[in-house]
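Everything on this sheet refers to the single structure shown next.
The values are calculated or read from the model by the stated rules, or taken from the named source; none is laboratory data. Since we're looking at a predicted model, the values are computed, not measured. Here Cβ is always computed from backbone atoms with ideal geometry, including for glycine, and neighbour counts include all displayed protein chains.
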Amino acid sequence: MSVDPRIYPTVMELRAVLATDSGRYALWDRAHFPGIVDYDTWEREPLEDVDVERHIASGHLVPINIRSDGAFAFTLRLDQTGSPAVSFEERRRVLVESEPYRFVTNGNADLSGLEHIADSVRSDGPVATMPIAAGVYEVRICLMDYDDIATRTNDHPDFIVLIGRPSGAGQRLSVDSFGD
């Protein structure tokens with residue numbers, strides 16, 4: 001986790017490269033998925049779109065649905081007192097930004113491929129975790145375009161996930177992160 005107080009005085013960031021074989025990522029809190037300990041118990045919860053939609057409506061899961069397997073770079077940006085934003089340079093690189101999702105947490109912002117959702121997270125596993133004050137947040141997902149940069153670094157993520165206080169703008173309920 002890195003924080004640059006000169007640029008983001010109240011903002012925390014977590015950067016991670018994560019893989020998925022399900023074509024879908026999610027921001028979630030393990031507290032909302034009790035009893036998921038293996039594939040059989042996972043299959044009963046977030047496998048089908050209808051199940052994912054139920055978790056979205058409850059604020060337990062924010063989908064980052066790209067419908068493509070692989071590994072992608074993420075930046076989680078959290079502002080527990082306001083609304084985080086992308087920088088001026090990042091704004092020029094945003095291909096598309098989601099409408100806001102509601103996220104209810106008991107103390108963790110877990111990010112992973114959908115297939116890694118469980119009731120506990122190993123420190124050496126395929127889940128990036130950021131501690132967060134329990135509460136209700138608004139989440140927006142930015143799909144970024146750095147394809148013109150030959151040598152990409154942590155400063156060039158595929159996705160920036162913005163987590164902040166609710167603005168009252170409503171709640172996106174779609175499994176598809178972007179579009180209608």
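In table form, for the structure just shown:
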{"quantity": "Single condition Val121 does not satisfy, out of (1) assigned to a loop (DSSP other than H, G, I, E, B); (2) at pLDDT 95 or above", "calculated": "(2)"}
{"quantity": "Positions within the stretch 92-120 being among the hydroxyl-bearing types (Ser, Thr, Tyr), buried (at least 21 other Cβ atoms within 10 Å of the Cβ) and under 16 Å from Ile36 (Cβ atoms), in sequence order", "calculated": "Ser112"}
{"quantity": "Single residue of the stretch 149-160 satisfying the filter (over 17 Å from Ser68 (Cβ atoms) and modelled with pLDDT of 90 or more) that is nearest to the chain's Cα centre (by Cα)", "calculated": "Ile160"}
{"quantity": "Members of the stretch 99-135 that are touching a Pro at 6+ places or on another chain (Cβ under 9 Å) and within 15 Å of Ile160 (Cα to Cα)", "calculated": "Pro100, Tyr101, Ala109, Ser112"}
{"quantity": "Boolean, Ser83 is at pLDDT 85 or above and touching a Gly at 6+ places or on another chain (Cβ under 6 Å)", "calculated": "yes"}
{"quantity": "Which listed residue is hydrophobic (A, V, I, L, M, F, W, C), surrounded by fewer than 19 Cβ atoms within 10 Å (Cβ to Cβ) and closer than 19 Å to His156 by Cα, from Ala85, Ala128", "calculated": "Ala85"}
{"quantity": "Residue satisfying all of: in the stretch 70-91; in contact (Cβ under 8 Å) with a residue 40 or more places away in the chain and of a type in the set (A, V, I, L, M, F, W, C); farthest from Val136 (Cα to Cα) among these", "calculated": "Ala71"}
